[in-house]
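Some notes on the structure that comes next.
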Amino acid sequence: MSWFKNLFRKSRSEAAAPAPAAAPAPARAAGPGQGPRHAAVPAGRRLPRIAVVTGSTRPGRVNNAVAEWVLAQASARTDAGFELVDINTFDLPLLDEPFPAAYQNYQHEHTKAFAARIGGFDGYIFVTNEYNHSAGPALVNALSFLNAEFHNKAAGIVSYGSMGGARAAEHLRGALSELQLAHVRNQVMFNLFTDFENFTEFKPTEQNAGTLAPMLDQLVPWTKGFAAVRQEAALAGA
Ligand SMILES: Cc1cc2nc3c(=O)[nH]c(=O)nc-3n(C[C@H](O)[C@H](O)[C@H](O)COP(=O)(O)O)c2cc1C
């Protein structure tokens, strides 16, 4: 029997059963003197821009609720600026560019608009659903339109599914590597059974919600650091 038959067979009472007490989120490392958790951006330096990129275009998707939650949480930080990029607003068809994206010879207005928006960021948080044990097909399709826009930048992953979208995230990591996007280890995974009411209303458990900050604690420094890598790469003509 396929996984989703099981998923929707789960009785309401079972689905509504109280979750076992959540273990406290692991304490995050605090610096000497227990000072601020993350460094403020020095005066005169531009705040790194990080996009929270949606991963589903399905009518009725839960993806945007997850992405908006990520955006709201991340926006409390002072060491980076965060913005939502909803792939649904670009009306991207199935890949219709005649040339591979690496050529940067974009023919269509939708590609040019998407490239202009995506290319302006220093880092990305991809919010992916899991379809057929893979990353969300709408996200993979959207990524296929672009290439150089992602080079030498950093990314973090937020996934969700019956197993926290773990398989989708692993699948996505392969694509990000090919796009020369450095993906941080720490990952956020939401479970359809425990982080969504009736599999639709996003209500993250404290334990899983607590995994966002450690992911951002890795992503923001990488995002800052990769600006120097881009400069070096430009000098080397790479
Ligand atoms: C075609 C399809 C395939 C799916 N395959 C999986 C899967 O392999 N693993 C999983 O955890 N959930 C799977 N699901 C369930 C999705 O995780 C769930 O529907 C989720 O809400 C999808 O995200 P979205 O609402 O943002 O599109 C699948 C759903 C669809 C429609």
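The table for this structure:
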| item | result |
| --- | --- |
| Loop-located trypsin sites (Lys or Arg not before Pro) in the range 164-238 whose Cβ has at most 10 other Cβ within 10 Å (DSSP) | ARG185 |
| Exposure rank, largest accessible area first [HIS108, HIS171; 1.4 Å] | HIS171, HIS108 |
| Point-to-point label distance, ARG185-ASN198, nm (Cα→Cβ direction, 7 Å offset) | 4.1 nm |
| Whole-Hz ³J(HN,Hα) from phi, Karplus 6.51 cos²θ - 1.76 cosθ + 1.60, for the range 125-141, glycine and proline x | 10, 9, 9, 10, 7, 10, 10, 6, 6, 10, 5, x, x, 5, 5, 4, 4 |
| Accessible area of TRP222 in the full protein assembly, 1.4 Å probe (Å², nearest 10) | 110 Å² |
| Vicinal HN-Hα couplings computed from phi for the range 155-162 (Karplus, 6.51 cos²θ - 1.76 cosθ + 1.60; Hz; Gly/Pro x) | 9, x, 10, 10, 10, 8, x, 5 |
| The range 89-136 and the range 174-200: distance between their alpha carbon centers, rounded to Å | 18 Å |
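The values are calculated or read from the model by the stated rules, or taken from the named source; none is laboratory data. From a predicted model like this one, the values you see are computed outputs, not experimental measurements. No Cβ is skipped: glycine too gets one built from the backbone with ideal geometry, and neighbour counts run over all protein chains shown. These accessible areas exclude ligands, DNA and RNA; they are computed on the full protein's heavy atoms, side chains included. Shrake-Rupley method; radii C 1.70, N 1.55, O 1.52, S 1.80 Å.
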